[in-house]
1. Which value in nm describes the separation of the simple spin-label points at GLU9 and ASN154, placed 7 Å from the Cα toward the beta carbon?
2. May I ask which residue of GLN12, VAL136, VAL150 lies farthest towards the positive end of the charge dipole of the stretch 8-195, with charges of +1 (Lys, Arg) and -1 (Asp, Glu) on Cβ and the Cα centre as origin?
3. Once the piece of chain linking SER36 and SER128 is laid out straight, how much longer is it, given 0.36 nm per residue of separation minus the C-alpha distance between them?
4. What number, rounded to the nearest 500 deg cm²/dmol, is the helix-based mean residue ellipticity at 222 nm of the chain, given -39500 (n - 2.57) per DSSP H run of at least four residues and division by all its residues?
5. Taking the chain as the reference, fit the longest principal axis to its C-alpha atoms, fit the long axis of helix 83-113 to the helix C-alpha atoms, and give the angle between the two in degrees, 0 to 90, nearest 10.
6. Roughly how many debye, to the nearest 20, is the charge dipole of the chain about its Cα centre, given +1 on each Lys and Arg Cβ, -1 on each Asp and Glu Cβ, and no other charges?
7. Amide H to amide H, which residues 5 or more places from LEU48 or on other chains are under 5 Å from it, using H placed in the peptide plane?
8. With 10 angstrom as the radius, rank SER68, SER26, SER15 by how many other C-beta atoms surround their C-beta, starting from the fewest.
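Derivation of every value follows stated rules applied to the coordinates shown; laboratory data play no part. Because the structure is a prediction, the values reported are computed rather than measured. Ideal geometry is used to build each Cβ from the backbone, glycine not excepted, and the neighbour counts take in all protein chains shown.
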Amino acid sequence: MDLTEGTQEEKQNRSKKMMLWFGIGSLIMTFAGLISAFIVSRKREDWLEDFQLPNAFLISLILIIVSSVTLIVAKKALKQNNLQGVTIGLLFTFVLGVAFIYNQFAGFGELIEAGYNFTGPTSNVTVSFIYIIAVVHIAHVIAGLIALIVVIYNHFKKKYNSENMLGFELASIFWHFVDILWVVLFLFLYFFRYII
């Protein structure tokens, strides 16, 4: 479809989605840079070869995957104008997002208990990269949670229905991207020592 076709509202909706995809593209580049730096740094003498990710990171992986499922359920309910289903799906997604962040910080606690701090004499480049990657991702999950709060607020104001879903769709796209991003980052960090 030609981007210039359709009503003014349809054109605006397409441009808003396009802007979101441009933003997502820049985030992909940011994390690609972090991963590249991680790969290059493995040549350093202080690199940990046998490092294990914290168990809490695995729990957070499961939580964020489930949060995508609950958001899909909420969107399906919205398409059917099932407002109660939308409410339940959105609230579960938000709670799972908060639980994800909690488990990320629990993972940092596991790293510290294992004797690996972000900086100082007990730090090393491997774990410092893991901290940076996780914290930058957490910042984007927080942005996703803020978007969810806006969507929940608008939902309670009855702004969305099966004919008007733009804000909901934009937040969903971003949330699913952040979720997929953590899956990719987790798998990369978990299997890195086997593939490089």
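1. Simple spin-label model gives 1.3 nm for this pair.
2. My answer, from the dipole projection, is GLN12.
3. Numbers: separation 92, 0.36 × 92 = 33.12 nm, distance 1.45 nm.
Full extension from SER36 to SER128 adds 31.7 nm.
4. Numbers: 5 runs with 152 residues, N = 196.
Taken over the chain, the calculation gives -28000 deg cm²/dmol.
5. Tilt relative to the chain: about 10 degrees.
6. On the way: 14 positive and 13 negative charges, 109 e Å.
I would put it at about 520 debye.
7. Under 5 Å from the amide H of LEU48: THR126.
8. Values: SER68 19, SER26 8, SER15 11.
Fewest to most other Cβ atoms nearby, the residues stand as SER26, SER15, SER68.
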